[in-house]
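A.B. asks: Take a look at the following structure, please.
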Amino acid sequence: MASTEGDGRTRKARNLLFEQALEAEKKGDLRLALEKYKMALQIDQNFFDAWLNAGAIYTKQGRSDKAITCYQRALVSKNDVRAHYNLAVEYYKKSDFKSAEKALKSVLRLDSRYLNAHLLLGYVFGKTGRNDKSEISIRNALKIDPQNTQAQTALALLYFHTDRPELALRQINLLLTKSPEDKVLLGLVAKISLKGGDLRQAAAGFKKVAARDPELKTFYTALREQVEPEKKKTIHKKRETIEGKERKTAKDMLDLSLLQFFDGDPTKAFETLEKLSAALEAKKLKKN
């Protein structure tokens with residue numbers, strides 16, 4: 001009887017620490033939460049949920065090796081899809097695609113309808129150059145949820161990277177009806193236009209992305225800051241020289257666009273590209 005009572009007290013103490021850890025997590029105190037999970041694990045080394053949650057905290061902190069250890073230890077306690085999937089994510093982030101693939105296949109053996117596992121497996125295949133398998137995995141995700149935006153976007157990206165611009169655009173346009181301000185999709189449209197030689201459309205597309213993305217504006221600033229002071233002066237001087245020309249060739253316009261970009265004026269750079277494209281189109285029409 002005493003043994004049963006002792007086990008009950010131990011379980012109660014373990015569960016209390018676990019609840020305190022959850023409460024600390026809710027308040028954003030990850031250090032305290034981790035401490036409580038560790039205390040719970042000292043009482044019960046096979047406490048699956050504590051291993052899983054401790055791993056998730058290490059993931060948030062960017063401590064991948066520690067997270068992997070926790071997820072592996074969780075799997076010793078219980079063969080669970082969540083631990084396998086979290087492990088796969090960590091391996092993927094470390095570019096250990098072989099281990100990520102193995103973990104994802106373990107997920108799908110336990111649950112063949114685990115959408116995110118199909119999707120991440122698609123990315124793993126893509127990263128390792130197995131595009132056919134990547135497409136199968138993404139389509140498997142879409143069979144589970146045909147409206148899943150992440151899977152639809154993954155398919156558009158796959159079409160783009162495998163040089164199928166028409167299919168990519170068709171997929172992107174479907175997605176844009178739901179998310180017209182999506183920066184990734186707008187950027188893809190611009191890249192497809194640029195790859196196809198439509199400078200005007202590309203410039204307009206990149207301009208849209210820049211207008212919606214504060215981080216991109218920060219990128220322009222950071223890019224300019226990396227240019228040496230003497231180089232900045234040279235760039236600015238060359239820009240002024242070309243801008244001062246009464247008649248500009250197509251090469252002048254292209255050079256000017258690049259100079260404006262590196263001179264910290266991306267908006268002007270896009271406008272110059274648009275003018276160049278319009279001039280080339282007009283010239284083409286005149287010939288015809």
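A.B. asks: Which count do you get for residues in the stretch 134-167 that are within 18 Å of the chain's Cα centre (by Cα) and hydrophobic (A, V, I, L, M, F, W, C)?
C.D. replies: Number satisfying all stated conditions: 9.
A.B. asks: Let me ask you something else. Looking at the stretch 243-262 only, could you name the residues that are of a type outside the set (A, V, I, L, M, F, W, C) and either buried (at least 20 other Cβ atoms within 10 Å of the Cβ) or under 18 Å from Ala211 (Cα atoms) (or both)?
C.D. replies: Result: Ser257, Gln260.
A.B. asks: Moving to a separate point now. Scan the stretch 200-211 and tell me whether some residue there is more than 28 Å from Thr149 (Cβ to Cβ), modelled with pLDDT under 70 and not acidic (Asp, Glu). First the steps, then the outcome.
C.D. replies: Going residue by residue through the stretch 200-211, those that are more than 28 Å from Thr149 (Cβ to Cβ) are 200.
Keeping just the survivors that are modelled with pLDDT under 70 gives 200.
Checking which are not acidic (Asp, Glu) leaves us with 200.
So far as the stretch 200-211 goes, yes, one or more of its residues are more than 28 Å from Thr149 (Cβ to Cβ), modelled with pLDDT under 70 and not acidic (Asp, Glu).
A.B. asks: Let me ask something else about it. Keeping to the stretch 37-75, report how many residues are surrounded by 19 or more Cβ atoms within 10 Å (Cβ to Cβ), polar (S, T, N, Q) and closer than 18 Å to Ser99 by Cα.
C.D. replies: Number of matching residues: 1.
A.B. asks: Contact list please: Cβ distance under 6 Å, first residue in the stretch 32-49 and without any contact (Cβ under 8 Å) to a residue 60 or more places away in the chain, second residue β-branched (Val, Ile, Thr) and buried (at least 19 other Cβ atoms within 10 Å of the Cβ), pairs at least six apart or on different chains.
C.D. replies: Leu34/Ile57
A.B. asks: Scanning for something among the acidic types (Asp, Glu) and under 24 Å from Tyr114 (Cβ atoms), does the stretch 34-45 turn up at least one residue?
C.D. replies: Within the stretch 34-45, not a single residue is among the acidic types (Asp, Glu) and under 24 Å from Tyr114 (Cβ atoms).
A.B. asks: Which members of the stretch 64-85 meet the condition of being part of a helix (DSSP H, G or I) and of a type in the set (D, E, K, R)? Don't jump to the end; show me each part of the working.
C.D. replies: Just the residues of the stretch 64-85 that are part of a helix (DSSP H, G or I), to begin with: 64-77, 81-85.
Correct list: Asp65, Lys66, Arg73, Arg82.
A.B. asks: So Ser112 passes all but one of these: (1) more than 27 Å from Gln61 (Cα to Cα); (2) among the hydroxyl-bearing types (Ser, Thr, Tyr); (3) within 19 Å of the chain's Cα centre (by Cα). Which condition number does it fail?
C.D. replies: (3) is the only condition that Ser112 fails.
A.B. asks: Something else now. Going by the structure shown, is Phe97 farther than 30 Å from Arg139 by Cα, touching a residue at least 24 places away in the same chain (Cβ under 8 Å) and aromatic (Phe, Trp, Tyr)?
C.D. replies: In short, no.
A.B. asks: Considering Leu175, Leu185, Leu157, Leu169, which residue is in contact with an Asp or Glu (Cβ under 9 Å, 6 or more places away or on another chain), modelled with pLDDT under 95 and aliphatic (A, V, I, L, M)?
C.D. replies: That would be Leu175, the only listed residue that is in contact with an Asp or Glu (Cβ under 9 Å, 6 or more places away or on another chain), modelled with pLDDT under 95 and aliphatic (A, V, I, L, M).
A.B. asks: Does the stretch 6-39 hold any residues that are assigned to a helix (DSSP H, G or I), assigned by TED's automatic domain parsing to the domain that holds Ala54 and among the acidic types (Asp, Glu), and which are they?
C.D. replies: Listed by number, the residues that qualify are Glu19, Glu23, Glu25, Glu35.
The values are calculated or read from the model by the stated rules, or taken from the named source; none is laboratory data. Since this is a predicted model, take the numbers as computed values, not measurements. Ideal geometry is used to build each Cβ from the backbone, glycine not excepted, and the neighbour counts take in all protein chains shown.
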